[in-house]
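First comes the structure, then the notes that go with it.
What follows draws every value from the coordinates through simple rules; no lab data is involved. The model shown is predicted, which means the values in this text are computed figures rather than measured ones. So basically every Cβ, Gly included, is an ideal-geometry build from the backbone, and we count neighbours across all protein chains shown.
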Amino acid sequence: MRDTDDPVVCVCMEVTESELVAALEQGHRDLPALRAATGANSGCGDCAADIEELVEFAGGGTGGCAW
Ligand code: FES
């Protein structure tokens with residue numbers, strides 16, 4: 001049973017949005033860094049766009065982190 005408030009972003013590696021947000025907060029501000037930190041996007045690669053969206057929303061490493 002999954003918490004619907006915490007959707008799985010990367011189905012292959014079962015990485016949830018909250019895990020990615022936590023990694024963003026720890027300074028992993030791009031896809032390669034998030035992949036290294038969480039394992040997300042190390043399977044089929046289909047989740048790349050969704051992860052990039054989270055990165056953009058978080059400020060994309062510009063220092064404008066919204067979290
Ligand atoms: S859904 Fe993330 S690597 Fe496949």
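Among residues of the range 1-37 being farther than 14 Å from ALA49 by Cβ and touching a residue at least 40 places away in the same chain (Cβ under 8 Å), the one that is surrounded by the fewest Cβ atoms within 10 Å (Cβ to Cβ) is GLU25. Restricting attention to the range 1-52, the residues being aliphatic (A, V, I, L, M) and either within 12 Å of the ligand (Cβ to nearest atom) or not in a helix (DSSP H, G or I) (or both) number 13.
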